[in-house]
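*Asks:* Following this message is one structure expressed as structure tokens.
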Amino acid sequence: MENVLYVLDVTFNICRLLVIPSIFILVFILIKKGLKFYTVALLLPFVSLILIMQSFPYLARVKLNNVMDEEVIYFEVGEPLDKAAVFKSLKNLKYVPSKNSHPVGPKIKITIVTDKSRRDLFIRADVNNESVYWLYDSKYSYSRTNNIGYLKLK
């Protein structure tokens, strides 16, 4: 699972760099020659980005669930959140749709050390709901800027 996330993260960074040049090349070719078979290859960065954006958060949540199933040796949450509530929410992490909102406020760091791995996560508060936090994974560049899920703290 770790290797899959790493490959998706590298592919995301490559595709992110190729999207703008692909647009210009695709428009130029379409204007000059029309739609040809080889111009479809220029759509590959777009298709890859869409696939990564759909699959990465799910796979990252699965990986985090696997980490939470290991024996947790150390668990730390930044202030002002309740450590037990965050731990329970991470243990039961599922997809929660956002309701046209965005994260606000400072990053709240979460550190998880198990007998097999270490995870550095961070969360940010939701602008519309005080009990919902956006979850990010510091390990991958994709998940440092795009959330992988939401925590509901009661």
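*Asks:* Could you please put F46, F122 in sequence from largest to smallest accessible area, using a 1.4 Å probe?
*Replies:* In descending accessible area the options line up as F46, F122.
*Asks:* A follow-up question, please. What accessible area per residue comes out for the chain, rounded to a whole number of Å², with a 1.4 Å probe?
*Replies:* Using a 1.4 Å probe on heavy atoms only, each residue of the chain averages 62 Å².
*Asks:* While we're here: Contact order normalised by length for the range 1-64, with contacts defined as Cα pairs under 8 Å and 6 or more residues apart; what percent is it?
*Replies:* 52 percent
*Asks:* For the range 68-137, report the translational diffusion coefficient in µm²/s to the nearest whole number, using Stokes-Einstein at 37 °C, 0.692 mPa s, and a Kirkwood Rh over Cα pairs.
*Replies:* Translational D for this selection: 256 µm²/s.
*Asks:* Oh, and also: Taking all protein chains as present, what is the carbon and sulfur share of the accessible area of the chain, in % to the nearest whole number, probe 1.4 Å?
*Replies:* Heavy-atom surface of the chain belonging to carbon and sulfur, 1.4 Å probe: 62 percent.
*Asks:* What label, among (1) 24, 18, 15; (2) 37, 18, 12; (3) 47, 27, 12, belongs to semi-axes √(5λ) of the Cα gyration tensor in Å computed from the structure on display?
*Replies:* (2)
*Asks:* Report ³J(HN,Hα) in whole Hz for each residue of the range 41-55, in order, from the Karplus equation J = 6.51 cos²θ - 1.76 cosθ + 1.60 where θ = phi - 60°; Gly and Pro get x.
*Replies:* 4, 6, 7, 4, x, 5, 4, 4, 4, 5, 5, 5, 5, 7, 9
*Asks:* Compute, for the chain, the length of the dipole vector about the Cα centre, with Cβ point charges of +1 (Lys, Arg) and -1 (Asp, Glu) only. Units Debye, rounded to 20.
*Replies:* Using only the charged Cβ atoms, the result is roughly 560 debye.
*Asks:* Using helices alone, what [θ] at 222 nm do you get for the chain, with -39,500 (n - 2.57) per DSSP H run of 4 or more residues, divided over all residues and rounded to the nearest 500?
*Replies:* Rounded to the nearest 500, it is -16000 deg cm²/dmol.
*Asks:* Also: Provide S89, S131 ordered by accessible surface of protein heavy atoms (probe 1.4 Å), highest first.
*Replies:* Most to least solvent-accessible, the answer reads S131, S89.
*Asks:* Using the charge dipole of the chain (Lys, Arg: +1 at Cβ; Asp, Glu: -1 at Cβ; taken about the Cα centre), state which of W134, I110, I29 has its Cα farthest towards the positive end.
*Replies:* The listed residue farthest towards the positive side: I29.
*Asks:* I would also like to ask the following. So what is the relative contact order for the chain, in percent, with contacts set as C-alpha pairs under 8 Å and at least six apart?
*Replies:* 21 percent
*Asks:* Using only protein heavy atoms and a 1.4 Å probe, report how much of Y58 is accessible, in Å² to the nearest 10.
*Replies:* For Y58, solvent-accessible area is about 130 Å².
*Asks:* Hey, if we sort E79, E70 by accessible area with the 1.4 Å probe, largest down, what's the order?
*Replies:* E79, E70
*Asks:* Out of every Cα-Cα pair in the range 26-97, what percent are more than 15 Å apart?
*Replies:* Of the Cα pairs, 70 percent sit more than 15 Å apart.
The values are calculated or read from the model by the stated rules, or taken from the named source; none is laboratory data. Predicted model only: the values in this text are computed from it and were never measured. Using ideal geometry, Cβ is built from the backbone for each residue, glycine included, and neighbour counts are taken over all protein chains shown. All accessible areas refer to the heavy atoms of the entire protein, side chains included, with ligands and DNA or RNA removed. Shrake-Rupley method; radii C 1.70, N 1.55, O 1.52, S 1.80 Å.
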